[in-house]
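S.K.: Okay, handing you the structure first.
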Amino acid sequence: MSYDGGEISTILRSELDAQWSGLYSMSPGVRGPFVAERADNNGTHARALVTGTWGIQGAAWGKPEIKSINARSDNLFRVAKWRELYRAGKTALVPMNGYVEFVETSPKYKVPVFIHDNTTPLLTAAGLYDEEQGAYTIITMEADLGAGEVHTRQPIFVPEDMQDRWLQVGAGDTPGKGATDKHKETLAELRDFSSEVTERLEYYAISRDYNNTRKLAADDRRADPSLIEPDPEMQHIIDTADFEPALSPKERKAQR
């Protein structure tokens, strides 16, 4: 499906319903949907809802085989792979009804937590995609408020009135010295908006079945909506356990 202009979120909702059955258990390497702006054989640019593998290779220094499912916004112009994709205009919108993080309530015992916005059934995160790999990644920032109680990072969200700009902002020349940097300005606006979204985010514990991705795949349960329903037993654990917010890979490495 492709389309020109229009309200992306409205089209996205209808096309998601029509084309994608939805998954309730995502893990690196699993295919998911995203919106990108692409050129057809005639060179005409149009928006397209496509699916790709979650996780782009080539961003981890010295480890080209690693699939990076997230791209830190503060590293967008420092990591060669992210800079290459961004400057080539490979920005994307990643739809989600929420996301899952894991908190370690006791040694080697992790409880999955579903983070969502009850007022907005469909959140739209900022992403990058790699056409050659058929893959995408989600751009993150430091987490705040409730989301920050669970994990130190969270997705950057894109409001409807900035979705067109996000799909186009990456392409173009790098600003000269002293010139306004539209790229950094856009990221700053998205961080501010994401902080507003964070004020509405809520979370609850879900079943540890979510953790067992191999079994879910074998049993064909990835599309089971019960995977993100509240689990009273797990909720009691996180309500009574003393745990710290989960760290990003970079933060875990720094602690070693």
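The values are calculated or read from the model by the stated rules, or taken from the named source; none is laboratory data. Everything numeric in this text was worked out from a predicted model, so none of it was measured. Cβ: placed from backbone, ideal geometry, glycine included. Neighbour counts: every protein chain shown. Side chains are part of the model used for accessible areas, which takes the heavy atoms of the whole protein and leaves out ligands, DNA and RNA. Shrake-Rupley method; radii C 1.70, N 1.55, O 1.52, S 1.80 Å.
S.K.: List the number of the failed condition for T10; all other conditions in (1) open to solvent by 40 Å² or more (accessible area, probe 1.4 Å); (2) modelled with pLDDT of 90 or more; (3) of a type in the set (V, I, T) hold.
M.R.: Here T10 meets the rest and fails (2).
S.K.: Six or more apart or on different chains, Cβ atoms under 7 Å: show the pairs whose first residue is in segment 45-67 and touching a residue at least 60 places away in the same chain (Cβ under 8 Å) and over 15 Å from R31 (Cα atoms) and whose second is open to solvent by less than 70 Å² (accessible area, probe 1.4 Å) and among the hydroxyl-bearing types (S, T, Y).
M.R.: Here the result reads R47/Y3; A59/S68, each pair linking segment 45-67 to a residue that is open to solvent by less than 70 Å² (accessible area, probe 1.4 Å) and among the hydroxyl-bearing types (S, T, Y).
S.K.: Mind listing whichever residues of segment 192-215 are assigned to a helix (DSSP H, G or I), open to solvent by less than 40 Å² (accessible area, probe 1.4 Å) and among the hydrophobic types (A, V, I, L, M, F, W, C)?
M.R.: V197
S.K.: Out of contact with any Gly (no Cβ under 6 Å at 6 or more places or on another chain), under 13 Å from T198 (Cα atoms) and in contact (Cβ under 8 Å) with a residue 40 or more places away in the chain, is that true of L123?
M.R.: Yes, satisfied.
S.K.: Follow-up. For P95, work out the one condition from (1) surrounded by fewer than 19 Cβ atoms within 10 Å (Cβ to Cβ); (2) at pLDDT below 95; (3) farther than 13 Å from A246 by Cβ; (4) out of contact with any His (no Cβ under 7 Å at 6 or more places or on another chain) it doesn't fulfil.
M.R.: Single failed check for P95: (1).
S.K.: Would you confirm whether any residue within segment 216-227 is open to solvent by 90 Å² or more (accessible area, probe 1.4 Å), under 27 Å from T124 (Cβ atoms) and either in contact (Cβ under 8 Å) with a residue 60 or more places away in the chain or part of a loop (DSSP other than H, G, I, E, B) (or both)?
M.R.: No, because not a single residue in segment 216-227 is open to solvent by 90 Å² or more (accessible area, probe 1.4 Å), under 27 Å from T124 (Cβ atoms) and either in contact (Cβ under 8 Å) with a residue 60 or more places away in the chain or part of a loop (DSSP other than H, G, I, E, B) (or both).
S.K.: Something else: Where residues in segment 98-151 are under 14 Å from the mean Cα position of the chain (by Cα) and β-branched (V, I, T), which of them is modelled with the lowest pLDDT?
M.R.: T124
S.K.: Something else now. So which strands (runs of 3 or more DSSP E) stay within segment 31-116 end to end and still have 1 or more residues that are of a type in the set (D, E), farther than 30 Å from H236 by Cβ and in contact with a helix residue (DSSP H, G or I) (Cβ under 6 Å, 6 or more places away or on another chain)?
M.R.: 31-39
S.K.: Open to solvent by less than 60 Å² (accessible area, probe 1.4 Å), at pLDDT below 85 and charged (D, E, K, R) - does that describe any residue in segment 170-185?
M.R.: So far as segment 170-185 goes, yes, one or more of its residues are open to solvent by less than 60 Å² (accessible area, probe 1.4 Å), at pLDDT below 85 and charged (D, E, K, R).
S.K.: Counting only residues that are part of a loop (DSSP other than H, G, I, E, B) and free of Cβ contacts under 8 Å to residues at least 60 places away in the same chain, which one in segment 132-162 is nearest to G89 (Cα to Cα)?
M.R.: The residue in question is E132.
S.K.: Another one. What residue, among those in segment 55-87 that are aliphatic (A, V, I, L, M), farther than 15 Å from P249 by Cβ and crowded, with 16+ Cβ neighbours inside 10 Å, is modelled with the lowest pLDDT?
M.R.: Checking each candidate, the answer is L76.
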